[in-house]
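Notes to accompany the following structure.
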Amino acid sequence: RPFPKCRTEDAHTRDSNDRVAACPATPHLPSLTKQARDMADHSAAKPAYSATACAARLGRLRETLDATGASGLLLIAGVDSRRHELSQRTLKWLLLGASGPGDEGACAADEAIDEVVLLVTRTGAKLYCTLASWRTLMPIVAHWRGLELHCLCETGAYEDADVVEAHKIRSFVGMLSSLAAEAGSGDLKKGGLLPVAMPVETAGEVERWPVVQAYALDDETVTLGSSADNKPAATGRGFFSMRHRVVPTFDFLSSSVLRQLDATSLRALHSHGLHRFSQQFAVVSGVLDRAGSGDSRRRLTERQLCEPLSTYFK
């Protein structure tokens, strides 16, 4: 089914009543959302990762905001985060249905989230992705409420790398600016900085991420060359940490959220992990068989007996 054409920098939002609200300049977006719903309903009948399961995982991810008191959770994939392991793992867990340390059960290749920037808020989510990624993610995120999409929808625009990068920076800055507008005064008590949760161990890590470094560019430095109004793409108001208080959430995400057992992870465990576990357990049985019986078995240590399992699943 051909993908509908849409204007540069289009975005659509789903409100609390699950109705579609589109900006006046983009009347085609309701049909785009209907296509997403149709694809989601079709995929839900399959054992693959469904839009319903994705929405449930998004709800669990919001627990991070309650635990940290942050206004939003920022996740960045690919080179824009220097391929940060936990940031990418969290996005694969949420958007592709990956589970476990080996990311079993992912419904698509990692390339589907390579350019993704996701800002999860208390009432919605702001997503930046490329057109190719959106075609993969559209049926998966179809049940998200309050979704705001930032995507270059003109195929020809991707022929100019500078235009794509400028749009990404402009979207990144716009997502964070709108988060500040939505945040209440209580979120700005500590030093007047907006708290943003990120999957890092220390706040200083994020200043080395390319897209975060671009946050400090001058207004005139990055512009959207093909845009009709040629608006500036960045604010030029200093480093990211000068405008936002980074709340490290590495421990909470890795030890709590990503370790929760749900239907998706249970399915992945049954399809992938159980088979591998049975293979390694067969090796353990072989160790016992080779040891014979009686004194020979009693001389086996726990380390010798469990080595196949501990090595494979460490």
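If packing is taken as the average count of other Cβ atoms within 10 Å, what order do 114-123, 60-69 fall into, highest mean first?
Packing order, densest peptide first, comes out as 114-123, 60-69.
Which far-off residues, 5 or more places away or on another chain, put their amide H under 5 Å from the one on Glu148, with H placed in the peptide plane?
Ala125, Lys126, Leu127
Could you give the length gained by full extension between Thr311 and Ala180, i.e. 0.36 nm per residue of separation minus their alpha carbon distance, to one decimal place? Could the numbers behind the result be given before it?
Values: separation 131, 0.36 × 131 = 47.16 nm, distance 4.69 nm.
Using 0.36 nm per residue and subtracting the Cα-Cα distance, I get 42.5 nm.
Tell me whether the stretch 100-181 comes out rounded, prolate or oblate; compute the Cα gyration tensor, take square roots of the eigenvalues as a ≥ b ≥ c, and use a/c under 1.5 as the rounded threshold. Walk me through the numbers before you get to the answer.
Numbers: a/c = 1.79, a/b = 1.10, b/c = 1.62.
Oblate shape, in that a/c is at least 1.5 and b/c is the bigger or equal ratio.
Might you work out the accessible area of Met242 for me, using a 1.4 Å probe with all protein chains in place, and round it to the nearest 10 Å²?
Solvent-accessible area, nearest 10 Å²: 110 Å².
Sort 278-284, 152-158 by the packing proxy (mean of other Cβ within 10 Å over each peptide's residues), most packed first.
On the way: 278-284: 12.4, 152-158: 16.4.
Ranking the peptides 278-284, 152-158 by packing returns 152-158, 278-284.
If you bin the C-alpha pair distances of the stretch 73-137 every 10 Å from 0, what whole percents do you get?
Spelled out bin by bin, the stretch 73-137 gives 22, 58, 20, 0 percent.
At 7 Å along Cα-to-Cβ for each site, give me the label-to-label distance between Asp289 and Ala56 in nm.
3.9
How do 259-271, 81-93 rank on mean C-beta neighbours within 10 Å, highest first?
Values: 259-271: 15.0, 81-93: 20.7.
Result, highest mean Cβ count within 10 Å first: 81-93, 259-271.
May I ask you to give the solvent-accessible area per residue for the stretch 107-193, in square angstrom, as obtained with a 1.4 angstrom probe? Each step should come with its number before you reach the end.
Details: 3440 Å² over 87 residues.
Value for the stretch 107-193: 40 Å² per residue.
The values are calculated or read from the model by the stated rules, or taken from the named source; none is laboratory data. What you are looking at is a predicted structure, and each value in this text was computed from that prediction instead of being measured. Cβ sites come from the backbone with ideal geometry, for glycine too, and all protein chains shown count toward neighbours. The accessibility values were calculated without ligands, DNA or RNA, using every heavy atom of the protein model including side chains. Shrake-Rupley method; radii C 1.70, N 1.55, O 1.52, S 1.80 Å.
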